[in-house]
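Some notes on the structure that comes next.
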Amino acid sequence: MKKLGFVVVAVLVAALVLPVLTPSAQAEGEPFRVAVVMPSTVNDLAFSQSIYDALVAIQEERGEENFQIDYSENLFVVEDAATALRDYAAEGYDLVIAHGSQYGSSLEEIAPEFPDTAFAWGTTVNTFQDEGITNVYAYEARSEQGAFVQGVMAGMLTKSNVIGVIGPIETGDAKLYVDGFSAGVAYQNPDAEVLVNYIQSFSDVALAAAAAEAMLDEGADILTGTAQMVPGAVNKAKEAGALWFGTQADQASLAPEIVVASQVYDWTVALNPIIEDIEAGEINGEAFSLTLENGGLNIVFNEDFELDEAVMARAEEIMDAIVNGDISFEIDDEGNLSVIEAETESEG
Amino acid sequence: MIDVIKALLTVSALASGIRLATPYLYAAIGETYGQRSGVLNLGVEGVMLMGAFTSFWAVNRFTPEGATTYEPTALLIGVLVALAVGFVMGLATAFINVTLQAEQGISGIGIYLFGLGMSDLLFQRLFQGVETVNGFPKIYIPGLSDIPVVGELLFRQNLLVYIAFALVPITWFVMNKTTLGLKIRAVGQNPEAADTMGISVVKVRYFTVTLGSMLAAVAGASLSIAEHNVYFYNMTAGMGFIAVALVYFGSWRARGVMFGALLFSLVTAIQLRASTLGIGIPDEYLRMTPYLLTIIALVFASQRIDQPAALTKPFERGE
């Protein structure tokens, strides 16, 4: 009897784990085949959804018969992701995307084994060129740019002069977003206090909610946050009537009455040139950045939210300043952000 | 220093701590029933996730499109659906642990993985993306909620918070003052003796494990349709395992479990305020404090002498 119990459990476990790791095969015709491995789900309203939406947009443009997308979700564990990446490469996909900064060291091992396959890794600027690897593209989002614009808006909209920012772990585009937003607030409204809390998790919705609550208690009337765990915080903001700024994907649907705007990533800006390279047979492992200037970053205003015209105008003015280089951002080796204003007569 | 403590120990921090304790209370009290009868159920986390998802789905499904406020029928259905799911998973757990006599530490992990995978699969199939629902509103108890400090702490919570705390004296009463409680304790202490006295060990264990599982499912629902009103992959993030630890912490007594849950969640609430206010301790260390505290408390405070003697031991009737 005891043994049977074990068998039942073993079957349950196996049934759950196995399907995750089996990419689907296909033949017939010669469509462009792309596979993406991601840490959360394609509908997370954040990081993973942003790349999936971009691939779907490209598919719509090229036609489903010419462009095939396969993906593996929820591979937050690096070892599982590495297995999936290797499988996709072995299956002969034209482009294999490792959508998560944590996948880097796995990719460094796998890419040289499949020299004819093109890989893309984000978000990062490292293409392993120094290690002699030439088939890895890199992509990143300069999320501090849109964050700065949103920070300026928040600085104008706040009445309590307290603004809360929730981050996951102090690294990558999350850190850029948090720092950019804080800099934007300080630029517009030096009197406002920005409360920052990195909750040390990309997935703990409950913790993000509790962090939001702590900020609201401190008097925050505007919140923002980055990564997949923010829906918990959005809900707390909604209950308290505080405003919310989104990033990575358009988050207005979560709370139409309080979302002012979202910074939306459009990865097609990086993916289209990569795909063109591959089709031309010229894989070169470039690094791409999404910026406001190249249209990879967009501030999407929530249509259901009545935004003051002065704030909207100011946001557009700041966006123009970033696009034409009057305001630029520099990140030092330690990842610290500084805002650089060009020596023109632009007012502060 | 005193300023820092004052800033951290605000009324709202304490109120937040009480709310955060709710899912732990449901799950850990449910687990207490099972463990008192000798069954360790490590699958709590998986049941919580299933409860969180299914109740969220039900509330989403039965709230009229475009509703701006909560819908009592939808919320009731949400809780009932969670209870039903907990019931089914509880029966399955009892079948595996009691009838098949599986190794309880291992089978629980199987149930956890099942809940984790299944809740996400259903979410992917039934929802297009992250959504929110109108969950249980806060109920201001007339009169009492106006009392300074205490009113805000205790009498401005949602219904599921009140029920969670009501379970503490109810559980004490059931365990200590009823025949059922006597049977549960007898089965957990000495199943052979209980058996010779005509108590059906199997029946009692099926009952406690299923009840515990139903409460675990409500613990999940208290997150997705009362506290956060959103469902998200793996949204319990380890709470079910903490709940199992809290049962040991509370020496298998409802009151002890409650203090453990409150301590853990208060430290979590205060810790979040500390890192928001930036008191100079890195976030990484602050995030550890509730867990560190739980481990330390488990090592030093737990009186293992109260542990049910037959815990994790399957019962086989003598030939």
Please give the average number of partner chain Cβ atoms lying within 10 Å of the Cβ of each residue in B:285-293, rounded to a whole number. 1
Straight-distance crosslink candidates among lysines, where the alpha carbon sits under 28 Å from A:LYS175 and sequence neighbours closer than 8 are dropped: A:LYS159, A:LYS236, A:LYS238
Assigned charges on the beta-carbon of Lys, Arg, Asp, Glu; region B:2-306 dipole about Cα centre (debye): 620
Go ahead and estimate [θ] at 222 nm for chain A from helices alone: -39,500 (n - 2.57) per DSSP H run with n ≥ 4, summed, over the residue count, rounded to 500. -12500 deg cm²/dmol
FRET efficiency, A:ASP116 to A:ILE331 (Cβ-Cβ, R0 35 Å, nearest 0.05): 0.55
Least to most buried among A:TYR137, A:TYR265 (fewest other Cβ within 10 Å first): A:TYR137, A:TYR265
Sorting check: for A:141-148, B:128-135, which peptide has the highest mean count of neighbouring beta carbons within 10 Å, and how do the rest follow? A:141-148, B:128-135
Hey, fewest Cβ within 10 Å first, where do A:ARG86, A:ARG62 land in order? A:ARG62, A:ARG86
If I model a spin label as a point 7 Å beyond the Cα along the Cα-Cβ vector, how far apart are those points for A:VAL78 and A:ILE340 in nm? 3.2
Out of B:ALA194, B:ALA164, B:ALA216, any idea which swings most in a Gaussian network model of chain B, alpha carbons joined below 10 Å? B:ALA194
Okay, which of region B:206-225 sit inside 20 Å, backbone N to the point 7 Å along the Cα-Cβ direction of B:LEU180? B:206-219
With 24 Å as the cut-off, how large is the P(r) tail for chain B, expressed as percent of Cα-Cα pairs? 55
Expected max-MSF residue from A:ALA280, A:ALA154, A:ALA240 in the GNM of chain A (alpha carbon, under 10 Å) is A:ALA280
Residue with peak Gaussian network fluctuation, chain A [Cα springs, cutoff 10 Å], from A:MET215, A:MET229, A:MET312: A:MET312
Peptide B:118-128 - average C-beta neighbours from other chains (10 Å radius): 2
Looking at chain B, do any whole DSSP H helices span at least 30 angstrom along their long axis by alpha carbon and average -1.0 or above on Kyte-Doolittle, and which? B:11-36, B:72-94, B:104-126, B:201-222, B:254-277
What average count of beta carbons from other chains do you get within 10 Å of the Cβ of residues in A:247-254? 2
Lysine pairs with alpha-carbon atoms under 30 Å apart, chain B, spacing 8 or more or separate chains: 6
Charge-dipole axis of chain B as Lys and Arg at +1 and Asp and Glu at -1 on Cβ define it, positive-most pick from B:SER265, B:THR93, B:PRO148: B:PRO148
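Just so you know, all these numbers are worked out from the coordinates, no wet-lab data involved. Just so you know, these numbers come straight off a predicted model, no measurement behind them. Because the Cβ atoms are built from the backbone with ideal geometry, glycine has one as well, and the counts that use them run over all protein chains shown.
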